[in-house]
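Here the structure is laid out as structure tokens; the discussion comes afterwards.
The values are calculated or read from the model by the stated rules, or taken from the named source; none is laboratory data. Only a predicted model underlies this, so the values are computations on that prediction, with no experimental measurement involved. Cβ placement follows ideal geometry from the backbone for every residue including glycine, while neighbour counts extend to all protein chains displayed.
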Amino acid sequence: MPRAFLVVLDSVGCGGAPDAEGFGDAGANTLGHIAEACAAGRAETGRSGPLRMPVLDGLGLGAAIRLASGHPAPGLDAAPHGLWGAATEVSRGKDTPSGHWELAGQPVPWDWTVFPDSGPAFPPDLTAEICARAGTAGILGNRHASGTAILEDLGAEHLRTGWPICYTSADSVLQIAAHEEAFGLQRLLSLCEALAPWVHRMRVGRVIARPFTGQPGTFRRTPNRRDFAMRPPGPTLLDAVHGAGRMVHAVGKIGDIFSHHGIDRLHKGADDAALMEHLHRLVAQAEDGALVMANLVEFDALWGHRRDVSGFARALEWVDGQAGHFLARLRPGDLAVFTADHGTDPTWRGTDHTRERVPVLAAGRGVGQIGLVAFADVGASVAAHLGGALPGPGQSFL
């Protein structure tokens, strides 16, 4: 029985979203601008020269960027030997849940609630609920912030007061940071879990627990992050495969994104290197007929939001090398798809995600251009490869 591997390179957009102007992102192009910066010698920290991604470019990465955005990506000009194209999102968001759910066949039919980037971010009743659940007299933060920067700003005060650090972003999210020892990891996780249903009723997509350790000057976030996400609006690719009696493996934060529905086994790790090891293991060991869905998050978490072009380029080149080893171990009949959920252009203004099309690169099902497709077509195609079908708008491109 065929197997399928769906690998989401978090934030690796390729420009050209037709509605980007409505999000303030007209002209954003994560891959294209990184390639331009590398070719111009502006991404020389820890690497040098043009962007080198021979494996994914060989599948059609450069061609997908040109198709999506109309602009070439210097150094990515190989003749494709896989199926390649670019996908356009219809959900009204540029966030992780919207992108992943739609890739799995379920566009989001509502507008997310986003907290304002002025004054206190959270309404008084939400702040009071957090305090009541946490057993504290107040919260810290209450604003849009970078997760690492707010630890530097408020970590010491958190240790002194015991108040949780609460912040948000342009995504529909409430993030709560607390010290694993001083506040307590389980206390933080219980707080976020208790708040999640309350916040989800507001159409806020996620409550994220952000534990950290250390002392002032040495604070660092730990791998014990936990996302408490809303359920998708209907059955997804994972539900369909699981319901057909096939194994579904979730690598990285896929379990959290899909609220742990339609998943048989979780494979977590402290970083993308650990998650890639899971993929290498699963390509050798996953059961016949299995679906493996993975999210590699560090493009977003470490490089995109921090607007680190060199770091993003290093990560792209590392993943490309890993992809070569992974693809070499596919079995006859397997399908591997590399795609993304949105952009986070590190050359763009601000620190937010960017509204972009995403590349769709497939190995194991021939050679050719699939053109401009919908996000939901990715899930429909994976389902078709595994011998099933998805309800909803997606159409298979296989």
Scope region 184-218; condition polar (S, T, N, Q) and out of contact with any strand residue (DSSP E or B) (no Cβ under 7 Å at 6 or more places or on another chain); matching residues: 186, 190, 215, 218
Residue within region 119-141 that is in a strand (DSSP E or B) and in contact with a strand residue (DSSP E or B) (Cβ under 6 Å, 6 or more places away or on another chain) present: yes
Pairs, first on the phi > 0 side of the Ramachandran plot and in a helix (DSSP H, G or I) in region 1-28, second crowded, with 24+ Cβ neighbours inside 10 Å and not small (Gly, Ala, Ser), C-beta under 6 Å, six or more apart: none
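Any idea which residue in region 151-205 is surrounded by the most Cβ atoms within 10 Å (Cβ to Cβ), counting only those that are part of a loop (DSSP other than H, G, I, E, B) and touching a residue at least 40 places away in the same chain (Cβ under 8 Å)?
Applying the first criterion (part of a loop (DSSP other than H, G, I, E, B)) to region 151-205 yields 162-164, 169-172, 201-205.
Retained after the next criterion (residues that are touching a residue at least 40 places away in the same chain (Cβ under 8 Å)): 169-172, 202-205.
Details: 169: 20, 170: 18, 171: 22, 172: 24, 202: 15, 203: 14, 204: 23, 205: 28.
The residue in question is 205.
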Among the residues listed as 210, 225, the single one being touching a residue at least 60 places away in the same chain (Cβ under 8 Å), within 24 Å of residue 148 (Cβ to Cβ) and among the charged types (D, E, K, R): 210
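Residues are listed down the side, and each one gets a yes or a no for (1) under 17 Å from residue 382 (Cβ atoms); (2) assigned to a loop (DSSP other than H, G, I, E, B):
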site: 67; (1), (2): no, no
site: 75; (1), (2): no, yes
site: 81; (1), (2): no, yes
site: 87; (1), (2): yes, no
site: 93; (1), (2): no, yes
Criterion violated by residue 51 - all others in (1) in a loop (DSSP other than H, G, I, E, B); (2) surrounded by fewer than 24 Cβ atoms within 10 Å (Cβ to Cβ) satisfied: (2)
Residues satisfying the stated conditions in region 54-65, i.e. assigned to a helix (DSSP H, G or I) and either over 22 Å from residue 336 (Cβ atoms) or of a type outside the set (D, E, K, R) (or both): 54, 55, 56, 58, 59, 61, 62, 63, 64, 65
Residue in region 330-350 that is surrounded by fewer than 20 Cβ atoms within 10 Å (Cβ to Cβ) and at positive phi present: yes
Checklist (1) at pLDDT 95 or above; (2) within 27 Å of residue 93 (Cβ to Cβ); (3) touching a Ser or Thr at 6+ places or on another chain (Cβ under 8 Å) applied to residue 370, failing item: (3)
